[in-house]
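Report on the following structure.
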Amino acid sequence: MAEELLIFSHGKLTGHLTSSLLAVAFLSSFGSSMLYGYNLAVVNSPAEYIKDFYNRSVVNRNGSGLSEESLTLMYSLTVSVFAIGGLLGSLLVGVLVTKFGRKGTLVKSTTLVFISGALMGFSRICGSPEMVIIGRFITGIHSGISLSVVPMYLGEIAPKNLRGFLGLMPSIFICVGVFMAQVLGLHELLGKEEHWPLFLSLVVAPTFIQLLLLPWFPESPRYLLIEKHNVHATITALKWYRAKCNIQAEIEEMQEEQRSLSTVNTVSVWHLILDTSVRWQVVSIVVINIGMQLSGIDAIWFYTNAIFENAGIPRPQIQYTTVGTGAIEVIAGLIGCFTIERLGRRPLMIGGFSFMGICCAGITISLVLQTYLSFMRYVSVACVVGIIAGFCIGPAGVPFLMTAELFKQSHRPAAYIVGGSLNWISNFTVGFVFPFLQMSAGAFCYLIFCGICLSVAGYVYFIIPETKNKTFMEISQMFSSKEPVIQPLVQSSPDQLKLKKMNSYGALENGFLEFDSSMSFP
């Protein structure tokens, strides 16, 4: 029966955007990726209310309040513990996706959101600051998992001509999450003292919708075939996600990848690092994931209010200006999503990082000169907007997509562990170091970010090939050694096979053995 279902006309491995693909991309991004963006920004608006709650809770327990330094430290822990949880979550990705699958991991990890939401939502009633901190830590674990698993899942279910479009949807929803936190944090909505526990725990709503609907969709076909060897489930999943496409050709491409692997077992991070056949792929994800966070985007978010205040924007209006930058993030993310399949990955990465570097240099110049030239204050605002737009149009999402594309099935989970861990460590480092860097270097600290952005753009330009419309096998072959492992056998006999040179995974370069045209088959 399985073989009968595979009889389709021959054609290229391309596909159409079906309602099932779009629904899965929306649900997984809405219920997981969006929470990462939301939790990045949700603590900014109610900061003073949370500090006041911490102080009153300690007074009720001990009879005396916290010092200013202790209160600042406690609130800083509340903010930064999210990144610590994210690092732990990213380290768990390999084990989880191998055991439960891509979709299964997303569904099971929703439990973390409900636990964290309950802790933060009832923290004021219980008079427990610890519940807020633990809740932030747990939701950080969930974000660390989803930040890697969602792009992995979408990258595996998407046809190659739509992998870029679907792969950038999580980054759009991250921007939407930041924007939603900024909007809901307005004083007219949830930005009031009595509403901050609800504001923090609102993450359970999109996750509940995801939990209701996502289990009805199939698992990743590549996971089902290559790791679970379940051909029937693979065919069912492909028929669910595809419309009028050559399912037989796509399964043959997966089987070719399966044959090329020395083992279908998921490799560890240590083996990934030691595997010389994927050395340049590993170096590439290290560069782009570190560069994404060290580009200065977190520092810009940290310094936005001060720059707007220096530009002469009235303090009561700054919150609305910040919401405006959130809207620009969403628009830039949409532009990147709808142009990536036309322009490719490299132009978005090179252009995004280059534009960010130029704007970082512009901020330094404007901050130095704004004392002498009043209009430079507005140049600094334009540079802030430019950095945010440049980041969201490419560097915000393409690194996660490229991590999926540069590795085969057996290496992909370990690659996401490496990329995700470096992402969270770099995020935490920038947040911790930037205030000290700003005090010591002043406006010139942005020149460091300028140098990093331009360096990453140069690396992408010279090292990373374009992966648009390429299968995972073709991408691996672009990185693999060009030296032949086995010399072709020059035989005139028609019953001899002509072996082609092999790539570093031990697979034939074109994926098939060439047979002499005169050969006959029974």
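Table for the structure above
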read-out	value
Hits in region 121-168 (condition: of a type in the set (A, V, I, L, M), under 26 Å from Phe26 (Cα atoms) and assigned to a helix (DSSP H, G or I))	Ile138, Ile141, Ile145, Leu147, Val149, Val150, Met152, Leu154, Ile157, Leu166
From the options Thr111, Thr139, residue that is surrounded by 21 or more Cβ atoms within 10 Å (Cβ to Cβ) and more than 14 Å from the chain's Cα centre (by Cα)	Thr139
Residues located in region 219-228, provided they are part of a loop (DSSP other than H, G, I, E, B) and either surrounded by fewer than 20 Cβ atoms within 10 Å (Cβ to Cβ) or among the hydroxyl-bearing types (Ser, Thr, Tyr) (or both)	Ser220, Lys228
Near pairs, Cβ below 6 angstrom, 6+ apart or cross-chain, from region 215-235 (under 13 Å from Gln248 (Cα atoms)) to any residue that is open to solvent by 20 Å² or more (accessible area, probe 1.4 Å) and part of a helix (DSSP H, G or I)	Thr234/Leu224; Ile235/Leu5
Number of positions in region 439-464 that are of a type in the set (Gly, Ala, Ser) and within 19 Å of Leu369 (Cβ to Cβ)	3
Any hit, region 179-186, residues being over 20 Å from Leu106 (Cα atoms), outside the structural domain of Gly140 (by the TED database), modelled with pLDDT of 85 or more and part of a helix (DSSP H, G or I)	no
Whichever residue in region 273-284 is at pLDDT 90 or above and of a type outside the set (S, T, N, Q) and, among such residues, is nearest to His411 (Cα to Cα)	Val282
From Ile300, Ile328, Ile318, residue being in a helix (DSSP H, G or I) and at pLDDT below 75	Ile300
Unique match (being in contact with a Pro (Cβ under 6 Å, 6 or more places away or on another chain), at negative phi and among the aliphatic types (A, V, I, L, M)) among Val107, Val113, Val79	Val107
Residue check for Phe432: at pLDDT below 75 and under 23 Å from Pro395 (Cβ atoms)	yes
Test: residue in region 374-384 that is at pLDDT below 85 and part of a loop (DSSP other than H, G, I, E, B)	yes
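The rows are residues; the columns are (1) in a helix (DSSP H, G or I); (2) surrounded by fewer than 20 Cβ atoms within 10 Å (Cβ to Cβ); (3) in the same structural domain as Ile273 (by the TED database).
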{"site": "Trp424", "(1), (2), (3)": "yes, no, yes"}
{"site": "Phe428", "(1), (2), (3)": "yes, yes, yes"}
{"site": "Ala443", "(1), (2), (3)": "yes, yes, yes"}
{"site": "Tyr446", "(1), (2), (3)": "yes, no, yes"}
{"site": "Ser455", "(1), (2), (3)": "yes, yes, yes"}
{"site": "Gly458", "(1), (2), (3)": "yes, yes, yes"}
{"site": "Tyr461", "(1), (2), (3)": "yes, yes, yes"}
{"site": "Pro465", "(1), (2), (3)": "no, yes, yes"}
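The values are calculated or read from the model by the stated rules, or taken from the named source; none is laboratory data. Just so it is clear, the structure is predicted and the values come from calculations on it, not from any experiment. All Cβ positions, glycine included, derive from the backbone under ideal geometry; neighbour counts span all protein chains shown. Calculation scope for accessible area: heavy atoms of the full protein, side chains included, ligands and nucleic acids excluded. Shrake-Rupley method; radii C 1.70, N 1.55, O 1.52, S 1.80 Å.
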